[in-house]
Amino acid sequence: GYKMAENIIGTELRQHFDKKGLEIAPFKVGWYNNQVDGKFNLPYDEDVLAWIVISIPSMFEKLFKPFILSEWSDDTILDPLDECMKRYFATIQRDFSQHKFVVIQDFELHPDRRPKVLVQTAGHTAGACYYYQRQDLQEGDPWPESKNIYGVSVHPQYGGWFAFRGVLVFPDVKVPNLAQVSPPDCVPTNEMRVDLLRKFNENWQDWSYRDVLNKPIREKYSEEQKIYFGTFPVRNRIPLLKNMKDGPM
C-alpha cells in the first residue's frame, strides 16, 4: 500500500539524514503545484511523492565541517555548503536501495534565472514550516502597497535557525492517499507577524527574526556558524574555511 512506500522511504532517508542534522517531511507534487504559478510547476504527476529537506543547527558540525576537513581543498568551489549538500545527496542517491529519486537543490535555477523549486512553499505544503507572507496579515499592514515585502518561513522548534536545502522527488512512487497536514502556526497573532516580516525585511542581518518563537528554541547556530553565514560576499568566507581546516594560523 501507499503508506508502506512512504514509510519505507522515509525510514531509509532518515537513517542517513538524522545523524547529519537534516530533517525531512513528505508532500505530494500536486499540493505544491496547486500553490505556485504554473511556470514553477514540478513536471510530475500530482500523486508523486516528494520530500522537503531542512538543515537544523547541528548540520554545520555533523555534515559541513567534516566535508571541509576531508574534501575542500581550494578556492574554486563557489559555495562550499552547496557543494557539500550536492555531494552528500549524490552519495544517498547512489546507495539508496528502493527507488531512484531526483534532487532539486534550493539554489538551482533554470537558464532564465527562474528558481527550479520554491522551497518555502514546498516546506509549507509539507506541513514542516509555516511560510508567513504579507497576505497572512489580517489587518494593520504597515507598508505602502508598492513595497515588496518578502515572506519568511518559521520552524516550530527552531524558529528561524534552519534552512531549506532542497526537494527530493520520487517519480515512480505515487501516494494518492497521503494526508496533508497544516504547518504549525507558531506566529499566530497579527502583531507578531508584522514584527517578523519587519525584522526579516528590514533587519535580517541582525538575525533577530530567527528568534521569533515566544518559547525556548531547541538549538541555535553556534557562534562559529553565525560568523560563517554572516560573512558576505561568499568568497570572504575562504579564510574562515582555511581556519576550520588547518586550525588557527
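The values are calculated or read from the model by the stated rules, or taken from the named source; none is laboratory data. Small disclaimer: the values here were computed from a predicted structure and weren't measured. Don't worry about glycine lacking a Cβ; one is built from the backbone with ideal geometry, like all the others, and counts go over all protein chains shown. Accessible surface is based on the protein model in full, side chains and every heavy atom, while ligands, DNA and RNA are left aside. Shrake-Rupley method; radii C 1.70, N 1.55, O 1.52, S 1.80 Å.
Which percent, nearest 5, of DSSP beta bridges in the stretch 1-130 are antiparallel? Walk me through the numbers before you get to the answer.
Details: 8 of 8 bridges.
Of all bridge pairs located within the stretch 1-130, approximately 100 percent are antiparallel.
Quick check for me: using +1 on Lys/Arg Cβ and -1 on Asp/Glu Cβ, what's the dipole size of the chain about its Cα centre, in debye to the nearest 20? Don't skip to the answer; put the middle values down first.
Working: 31 positive and 34 negative charges, 81 e Å.
Using Cβ point charges on Lys, Arg, Asp and Glu, the chain gives about 380 debye.
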Legend entry - With DNA, RNA and ligands ignored, accessible area of Trp204 (1.4 Å probe; Å², nearest 10): 110 Å²
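Please calculate how many Å² of accessible area the stretch 94-249 carries per residue, with a 1.4 Å probe and no DNA, RNA or ligand atoms counted.
On the way: 8610 Å² over 156 residues.
About 55 Å² of surface per residue is accessible.
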Inset, instruction - Provide the per residue accessible area, probe 1.4 Å, for the stretch 27-69, rounded to a whole number of square angstrom. - result: 37 Å²
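Kirkwood Rh and Cα-based Rg: tell me the resulting Rg over Rh for the stretch 93-249, rounded to two decimals. The partial results should precede the final answer.
On the way: Rg = 18.6 Å, Rh = 18.4 Å.
Radius of gyration over Kirkwood radius for the stretch 93-249 works out to 1.01.
Carbon and sulfur: what percent of the chain's accessible surface (1.4 Å probe)?
Working: 6350 of 12760 Å².
Roughly 50 percent, rounded to a whole number.
Note down the magnitude of the dipole of the stretch 92-131 about its Cα centre, charges +1 on Lys and Arg C-beta and -1 on Asp and Glu C-beta and zero elsewhere, to the nearest 20 debye.
The calculated dipole for the stretch 92-131 is roughly 100 debye.
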Inset, instruction - Determine the dipole magnitude for the stretch 1-119: charges of +1 sit on the beta-carbon of Lys and Arg, -1 on that of Asp and Glu, nothing else is charged, the reference point is the Cα centre, and the result goes in debye to the nearest 20. - result: 220 debye
Inset, instruction - Starting from the amide H of Gly166, placed 1.01 Å from N in the peptide plane, find each other amide H under 5 Å away whose residue is 5 or more places distant or on another chain. - result: Val53, Asp106
Legend entry - Anchor Lys39: lysines whose Cα lies under 17 Å away (excluding residues fewer than 8 positions away in-chain): Lys116
Legend entry - Integer Hz, Karplus 6.51/-1.76/1.60 couplings in order for the stretch 219-226, x for Gly and Pro: 7, 10, 5, 5, 4, 4, 5, 4
Inset, instruction - Could you go through the stretch 155-171 in sequence order and give the Karplus-derived ³J(HN,Hα) for each residue, using 6.51 cos²θ - 1.76 cosθ + 1.60 with θ = phi - 60°, rounded to whole Hz, and x for Gly and Pro? - result: 8, x, 9, 10, x, x, 8, 6, 8, 7, 10, x, 10, 10, 10, 10, x
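If we count every other residue with Cβ under 13 angstrom of Lys39's Cβ, Lys/Arg +1 and Asp/Glu -1, where does the sum land? Show your work: numbers first, answer last.
On the way: positive: Arg113, Arg114, Lys116; negative: Asp37, Asp112.
Taking every Cβ under 13 Å from that of Lys39, the sum is +1.
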Legend entry - Nearest-10 value in Å² for the accessible area of His16, using the 1.4 Å probe: 50 Å²
Inset, instruction - Could you run the Karplus curve 6.51 cos²θ - 1.76 cosθ + 1.60 with θ = phi - 60° over the stretch 199-211 and give me ³J(HN,Hα) per residue in whole Hz, x for Gly and Pro? - result: 4, 5, 7, 9, 9, 4, 5, 8, 6, 5, 4, 6, 8
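When the solvent-accessible surface of protein heavy atoms is calculated with a 1.4 angstrom probe, in what order do Thr76, Thr11 fall, highest first?
On the way: Thr76 115, Thr11 80 Å².
Final ranking, largest accessible area leading: Thr76, Thr11.
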Inset, instruction - Kindly flag which residue pairs out of Lys19/Lys86; Lys100/Lys245; Lys65/Lys199; Lys199/Lys226; Lys28/Lys100 have an alpha-carbon separation exceeding 27 Å in this structure. - result: Lys100/Lys245; Lys65/Lys199
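With all protein chains present and a 1.4 Å probe, how do Phe107, Phe17 order by accessible area, largest first?
Final ranking, largest accessible area leading: Phe107, Phe17.
For n ≥ 4 DSSP H runs only, could you compute -39500 (n - 2.57) per run for the chain, divide by its residues and tell me the 222 nm figure to the nearest 500? Don't jump to the answer; show the numbers that get you there.
Working: 8 runs with 82 residues, N = 249.
Mean residue ellipticity at 222 nm (helix-derived): -9500 deg cm²/dmol.
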